[in-house]
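As structure tokens, the structure follows; a few thoughts come after it.
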Amino acid sequence: MENKKYVSGGEFMVNDPEAKNIFIPEDFDEEQLMIAETCRDFINTEVMPNLDKIDAQQEGIAKELLNKSGELGLLGISIPEEYGGFGQSFVTSMLASEVMGTGYSFAVTYSCHTGIGSMPILYFGNDQQKEKYLPALASGELIGAYCLTEPGAGSDANSGKTKATLSEDGKYYLLNGQKMWITNAGFADLFIVFAKIDNDRVLSAFIVERTFPGIKFNPEEKKMGIKGSSTRQIFFEDCKVPVENLLWGRGKGFRIALNILHMGRIKLGGNVIGAAKLAVEQSVNYANDRKQFGQFISSFGLIKQKLAQQVIKTFTAESAVYRASRNVDEFIEAHIGTITREEAIVKAFEEYAVEAAILKVYGSEALDYIVDEGVQIHGGMGYSSEMPVERGYRDSRINRIFEGTNEINRLVTIDTLHKKGTKKDFPLYERGEEVISTLKNISGCCSSR
């Protein structure tokens, strides 16, 4: 432990690091703050004035906004410089996720492209696949999407029925099956599609271009929130995918899916911070503007309590997200040299699966609380679509469902901690026994009946 340069995943359960070793937002450097400001300017000038058009899914607006963000370099923050990106740290990408998280539906569109739509190729693609697709994904020339969920395969992703069979000439895989709830499906150019080859028990992953023959799309889904995010079902009917578009290798798709989910969960933790801060700002502004009984409602104790709880939950989520994000960077830095950077990133997501699941659950539930209280502070006006807090309330609800439901993530947290404790990655159960022993020494505690 003394020579280790990083904190193990889940180790926070048994060890308290010194405060000076924990990364906090005040530690952002000048470059990170400049990137955040670029994101903020983009949201304020391009997204906020067009929210109604975005939610109405005006033809071409989502792709136009993605292209504009690509021109600013915002699509390539995590993509290495040799592929047209900025090659920034994980902490930096999380800061960008936070700021872009204020963009309501567009935040989902952006996160899908820059995360689950692009990163599988960066982390698991071969050199030819990276050279072919990553520069176009970084610039916005190509827009990415991710096809895992099926009508009968949601939380149990490996039970998917989509099949891939090799063509007689051995040049193509023929995909047949159905995917649903596919973000960016209405305009994406590139899809990461999961299917089982022949009678395999586990999934494989394929890079599928929209122009490949044999792909059909259902109309847009009508949703409670994130109305501006394109969501469709996709059907593959003998879709011809070149064999060179198999990602990483046969039967490795489920591991790709798991690691991309770990990444998506912690990234969602960043997104909700931005949405939470926006909801707090809206609540404070309204409370300082609305008068009842001859005084601003911000002067009333119960309103103060609501505002305080909003801020506390936001601060807690923010603190945990950036602490864990720096842990990811430290893990990557400690392993580069023995493995490639991409391999180190994947191992980091595996290492911090517990933190990712916790941040996803806590962040999404904290945001739900914050926007709900935001509506309450606004009173009747909060229930009106004229107020932005109403949009935030509807858009928040999905966060407890995608990237694995919060119920699944609670199970992931306990199961992963149990495995780490059993393998003695850190003295989890030993510390637990110490706690029980201490409680037994307290008079009247833990007495047998």
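Helical content of the chain, expressed as a calculated mean residue ellipticity at 222 nm, amounts to -15500 deg cm²/dmol (DSSP H runs of 4 or more residues, -39,500 (n - 2.57) each, divided by residue number, nearest 500). Less than 5 angstrom separates the built amide H of Y146 from those of T183, I192, all sequence-distant by 5 or more or on a different chain.
In sequence order, segment 160-172 has phi-based couplings of x, 9, 4, 10, 10, 10, 6, 5, 4, 7, x, 9, 9 Hz under the Karplus curve 6.51 cos²θ - 1.76 cosθ + 1.60, θ = phi - 60°, and Gly or Pro positions carry x. In the chain, one over the average inverse separation of all distinct C-alpha pairs is 23.2 Å, which is the Kirkwood hydrodynamic radius. For K420, the lysines whose Cα falls under 27 Å of its own Cα, not counting residues fewer than eight places away in the same chain, are K4, K5, K20, K252, K267, K347, K360, K440.
Any of K313/K423; K68/K277; K132/K419; K161/K216 with alpha carbons more than 27 Å apart? Name them for me. Those over the limit are K313/K423; K132/K419.
The protection proxy used here, the mean number of other Cβ atoms lying within 10 Å of each residue, ranks peptides 91-97, 51-57, 436-442 as follows, highest first: 91-97, 51-57, 436-442.
Values quoted throughout were computed directly from the atomic coordinates according to the rules given, and no laboratory measurement underlies them. Given the structure is predicted, the values throughout are model-derived calculations rather than measurements. Positions of Cβ are generated from backbone atoms using ideal geometry, with glycine treated the same way; all protein chains shown enter the neighbour counts.
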